[in-house]
Amino acid sequence: MRGLVKRYGDHTAVGGIDLEVFAGEIFALLGPNGAGKTTTLEMLEGYRNRDGGSVTVLGADPEHATLAWRSRIGLVLQTSQMPSELTVFELVDRYAGYYPHPRNVDDTIELVGLADKRNARAGRLSGGQQRRLDVALALVGDPELVFLDEPTTGFDPAARRAAWSMIDNLRGLGKTVLLTTHYMEEAEALADRIAILVRGRIGAEGTPRTIGGRETAPAQIRFIAPSAFDPSILSSGKISHDDAYLVITSAEPTVTVGELVDWARAAGQELSGLEIRRPSLEDVYLKLAGQPS
Ligand code: ATP
């Protein structure tokens with residue numbers, strides 16, 4: 001997408017996004033409520049028309065999507081409503097019938113961990129199970145590209161792990177996945193690359209390790225300082241306090257830790273609770289997106 005724009009009346013929901021998602025990668029869009037993630041996905045899915053910019057998805061403009069193009073993508077929308085009287089099997093089987101080369105229905109139900117609910121009516125599933133059913137419906141057409149809008153919202157921790165391994169398996173099958181999520185661990189566990197959307201624009205883009213300069217940002221070294229500790233032994237770093245902890249923010253953590261260890265050895269002291277921390281993905285996210293949009 002190049003210069004992608006969407007306005008709702010006076011409100012610019014997406015304000016000029018340039019982004020490329022490569023075949024075979026898992027790409028995560030993060031951002032606060034209302035940042036424009038769903039709107040962006042909807043324009044890529046051919047579900048909503050744009051007001052500006054250009055988009056190519058699987059070689060075509062989604063606004064002029066053909067049935068053949070639609071059969072190559074799978075969608076998990078942010079919310080969905082299934083006919084509650086149909087069973088899991090009946091629904092997945094029905095969706096399989098919409099596609100030219102569907103996956104095996106029972107294999108797909110198994111893949112999302114609903115085998116024991118195969119004959120349960122959709123209306124009787126728990127929230128997390130209904131979400132898994134959404135994922136099964138997105139996958140049964142054996143799509144090349146899968147859009148997952150908050151795929152694990154409402155999942156318990158074990159179900160979320162299972163969903164991650166399922167999504168990770170899609171990578172192994174050569175699929176491309178574009179997902180949105182509010183779970184930083186999800187983006188960190190799954191994504192090859194991440195973009196953080198803030199008020200309709202890209203605030204940062206990169207791999208989970210490097211986004212927002214994580215790798216090179218100063219580290220925080222924390223410990224409970226013995227009363228004999230004298231900060232003047234440190235050649236660099238900024239000192240602050242957090243409850244009982246002394247916190248050194250250092251651009252040269254190896255040097256700082258070396259100086260601390262040398263001092264502690266010489267003085268026969270323990271640096272209790274010693275911890276070295278790089279900015280987490282959540283730190284980077286909150287720095288960019290901390291203000292409500
Ligand atoms: P969330 O994390 O809450 O799902 P999001 O990043 O997906 O948020 P969008 O749903 O894309 O955000 O919404 C972006 C902005 O556009 C919001 O300010 C929202 O109020 C507005 N918006 C979304 N859909 C419509 C619509 N159909 N009509 C008018 N405004 C809309």
Note on E252: of the conditions (1) under 30 Å from F27 (Cβ atoms); (2) surrounded by fewer than 18 Cβ atoms within 10 Å (Cβ to Cβ), unmet is (1)
Quiz item: Is it true that some residue in segment 204-211 is in contact with a Pro (Cβ under 7 Å, 6 or more places away or on another chain), at pLDDT 90 or above, closer than 30 Å to T38 by Cα and in the same structural domain as S165 (by TED's automatic domain parsing)?
Solution: no
So the helices (runs of 4 or more DSSP H) completely within segment 1-116 holding 3 or more residues that are more than 16 Å from the ligand (Cβ to nearest atom) are 67-70, 88-96, 105-111
Apart from one, (1) surrounded by fewer than 20 Cβ atoms within 10 Å (Cβ to Cβ); (2) touching an Asp or Glu at 6+ places or on another chain (Cβ under 8 Å); (3) under 21 Å from E42 (Cβ atoms) all hold for F147; the odd one out is (1)
The residue from A244, A264, A251, A289 that alone is within 16 Å of the ligand (Cβ to nearest atom) and either among the charged types (D, E, K, R) or out of contact with any helix residue (DSSP H, G or I) (no Cβ under 8 Å at 6 or more places or on another chain) (or both) is A289
Exception for P62 within (1) touching a residue at least 24 places away in the same chain (Cβ under 8 Å); (2) open to solvent by less than 10 Å² (accessible area, probe 1.4 Å) falls at (1)
Checked segment 147-158 for anything among the small types (G, A, S) and modelled with pLDDT of 85 or more; matches are A158
Filter segment 8-36 for residues that are crowded, with 18+ Cβ neighbours inside 10 Å and on the phi > 0 side of the Ramachandran plot; the one that is nearest to the chain's Cα centre (by Cα) is G31
Within segment 185-213, residues of a type in the set (A, V, I, L, M, F, W, C), within 21 Å of E42 (Cβ to Cβ) and more than 13 Å from the ligand (Cβ to nearest atom) come out as A187, A191, I194
- Does T39 fit the bill of being open to solvent by less than 60 Å² (accessible area, probe 1.4 Å), polar (S, T, N, Q) and under 30 Å from G172 (Cα atoms)? yes
Checked segment 42-59 for anything of a type in the set (V, I, T) and either surrounded by fewer than 20 Cβ atoms within 10 Å (Cβ to Cβ) or not assigned by TED's automatic domain parsing to the domain that holds L179 (or both); matches are V55, T56
Checked segment 108-118 for anything among the acidic types (D, E) and at pLDDT below 95; matches are E110
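The values are calculated or read from the model by the stated rules, or taken from the named source; none is laboratory data. Small disclaimer: the values here were computed from a predicted structure and weren't measured. Backbone-built Cβ (ideal geometry, glycine too); neighbour counts: all protein chains shown. Just so you know, the surface numbers come from the protein's heavy atoms only, side chains and all, with ligands and any DNA or RNA stripped out. Shrake-Rupley method; radii C 1.70, N 1.55, O 1.52, S 1.80 Å.
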